[in-house]
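Single-structure report; data block below.
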Amino acid sequence: MADRKATVERNTLETQVRLSLDLDGQGQSDLDVGVPFFEHMLDQIARHGMLDLNVRASGDTHIDDHHTVEDVGIALGQALREACGDKAGIRRFGHAYCPLDEALSRVVVDLSGRPGLTFNVDYPRDSVGGFDVELVQEFFQGLVNHAFITVHVDNLRGTNTHHVVETVFKAAGRALRAAVEQDPRLGDATPSTKGAL
C-alpha cells in the first residue's frame, strides 16, 4: 500500500499555514496555530482518528481567529484529498457517536468527491476560553469544500459548550478514521457504482 501522506502550504495576506497529514499514523499531533482551544480540538481529530497531524499556522489573530481557523480547515481538506489519492479500496463511509459527560454528538462522513456540509449544533454559550464557537462550522466548511467530501454534524444533546464542541471533533476524528480505512474485501476497487469518486 502506498504511503497515504500529504503536506500542503497555504499562504495568503491573512494567514500562513503548513500542514502535514498521515492517514495511517498513530494519532500523534504537533500543533502550533496560535489558538489554544482550537489546537486542543485538532488534537482530538488526530488522536481519535489515528491520524498523524502536524500544523504550523500564523495569522491575523489580533483581529480575530476566523482566518486562521478557516484556513487550517482548508489546508486539512487539501491534504486529506491528496492523501486519499484515487480512494481505491477505502471504506468511503464513516460515522461515529461520541459522548463527553452530558454531551453527545454524531458525525457522518462520505468521501464522495462532492463537497457538502450539514451542520446542526446549538451552543449554550458563544465562546470557550475566548474561542468563538461559531468558527467550528467555518472550520468544517473549509474542510469539506477542499477535501470534496460530504459531512453531517449533529449535536444530539449537551449543556456544557466545551463538551459539545469536543464531542463534535472527537466524532469527526472517529468518522474519518472509519471512512479512510482500507477494506481488504474491496482490493483495488473503488466503492462507487460510478467506478470513481
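Nothing in this text is a laboratory measurement; each read-out follows from the coordinates by a stated rule. For clarity, every value in this text was computed on a predicted model and none was experimentally measured. Backbone-built Cβ (ideal geometry, glycine too); neighbour counts: all protein chains shown.
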- Rounded to the nearest 0.05, what FRET efficiency do Asp24 and Asp86 give with R0 = 25 Å and r taken as the Cβ-Cβ distance? Could you check? 0.95
- Let me have the 222 nm mean residue ellipticity of the chain computed from DSSP H runs of 4+ only, each contributing -39500 (n - 2.57), with the sum over all residues rounded to the nearest 500. -11000 deg cm²/dmol
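Between Asn120 and Glu39, take the C-beta separation as r, use R0 = 35 Å, and let me know the FRET efficiency to the nearest 0.05. Display every interim value, and only then the final one.
Details: r = 25 Å, r/R0 = 0.72.
Once rounded, the FRET efficiency stands at 0.90.
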- For the chain, which span is the longest to avoid every loop-located (per DSSP) member of trypsin sites (Lys or Arg not before Pro) having at most 14 other Cβ atoms inside 10 Å? 1-124
- Three principal axis extents, largest first, for the C-alpha atoms of region 68-164, in Å? 41, 27, 17
- Expected vector for region 117-131, Karplus 3J(HN,Hα) from phi with 6.51, -1.76, 1.60 and θ = phi - 60°, integer Hz, x for Gly and Pro, equals 10, 10, 10, 10, 9, 10, 9, x, 10, 8, 8, 10, x, x, 8
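By how many nm would the segment from Asp188 to Gln137 grow when fully extended, if each residue of separation counts as 0.36 nm and the alpha-carbon distance is taken off? Provide the component values of the computation, followed by the final result.
Details: separation 51, 0.36 × 51 = 18.36 nm, distance 3.40 nm.
So the extension gain works out to 15.0 nm.
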- Note on the structure: Mean-square fluctuation maximum in Gaussian network of the chain, Cα pairs under 10 Å, restricted to Gly73, Gly187, Gly113, hits Gly187
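Per the Kirkwood formula on distinct C-alpha pairs, the Rh of region 5-180 is how many angstrom? Don't skip to the end; give the middle numbers.
On the way: mean 1/r = 0.0636 Å⁻¹.
Hydrodynamic radius (Kirkwood, Cα pairs) of region 5-180 is 15.7 Å.
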- Residue-ordered couplings for region 62-68, obtained by feeding phi - 60° into the Karplus form 6.51 cos²θ - 1.76 cosθ + 1.60 and rounding to whole Hz (Gly and Pro as x), are 5, 7, 6, 8, 4, 5, 5
- Item | region 1-106: GluC sites (Glu not before Pro) falling in loop per DSSP and having at most 15 other Cβ within 10 Å | Glu14, Glu102
